[in-house]
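Step one of this worksheet: look at the structure below.
The values are calculated or read from the model by the stated rules, or taken from the named source; none is laboratory data. Bear in mind the structure is a predicted one, so any value in this text is a computation, not a measurement. Cβ atoms come from the backbone with ideal geometry, glycine included; neighbour counts cover every protein chain shown. Surface accessibility is based on the protein's heavy atoms, side chains included, excluding ligands, DNA and RNA. Shrake-Rupley method; radii C 1.70, N 1.55, O 1.52, S 1.80 Å.
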Amino acid sequence: QVHMVESGGGLVQAGGSLRLSCAASRRTFSSYTMGWFRQAPGKEREFVAAIRWNDSSYYADSVKGRFTISRDRGKNTVYLQMNSLKPEDTAVYYCAAGRTTGTDRREYNYWGQGTQVTVSS
């Protein structure tokens, strides 16, 4: 059974930083693409960033240059460093994994429970 747990969310002022973590339960995640998505109230879940099995990464235009995704294979953990946060970054952030190189949430098979990020103005 695949199990993923996010942590690190919270309340931060605009311009601040947070680091999200996603701990996975299976070592096979080293061969998966690990992604972060977010969902704001009343909006669809959208792609934020992902890191492939070979550690190459890609980002949504809205976060490029501000967010950084990374992974620690020894800890089975993926991180999302978020800098220069804006109120529009407020959302529930979800960790996901799948055998994909895309940004469509339907291509990701495994999901965490989500962690709330709130950015105040």
Subject >> Hits in segment 103-121 - residues which are in a loop (DSSP other than H, G, I, E, B) and either within 11 Å of the chain's Cα centre (by Cα) or surrounded by fewer than 20 Cβ atoms within 10 Å (Cβ to Cβ) (or both) >> reply: THR103, ASP104, ASN109, GLY112, GLN113, GLY114, SER121
**OP:** Filter segment 32-56 down to the residues that are of a type in the set (Phe, Trp, Tyr) and touching a helix residue (DSSP H, G or I) at 6+ places or on another chain (Cβ under 9 Å), then identify the one that is least open to solvent (accessible area, probe 1.4 Å).
**Re:** PHE37
Original post:
So, of the residues in segment 57-77 that are assigned to a strand (DSSP E or B) and modelled with pLDDT under 95, which turns out to be least open to solvent (accessible area, probe 1.4 Å)?
Top reply: THR77
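Here's the yes/no breakdown for (1) hydrophobic (A, V, I, L, M, F, W, C); (2) in contact with a Cys (Cβ under 9 Å, 6 or more places away or on another chain):
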position	(1), (2)
SER7	no, yes
SER25	no, no
TRP36	yes, yes
GLN39	no, no
GLY42	no, no
TRP53	yes, no
SER57	no, no
PHE67	yes, no
**OP:** Considering (1) open to solvent by 50 Å² or more (accessible area, probe 1.4 Å); (2) among the hydroxyl-bearing types (Ser, Thr, Tyr); (3) part of a loop (DSSP other than H, G, I, E, B), say which one THR100 fails and leave the rest.
**Re:** (1)
**OP:** Give the residues of segment 97-121 that are among the hydrophobic types (A, V, I, L, M, F, W, C) and modelled with pLDDT of 95 or more, sorted by residue number.
**Re:** VAL117, VAL119
Subject >> Lone qualifier among ARG26, ARG66 - being touching a Leu at 6+ places or on another chain (Cβ under 9 Å) and either touching a residue at least 40 places away in the same chain (Cβ under 8 Å) or within 19 Å of THR118 (Cβ to Cβ) (or both) >> reply: ARG66
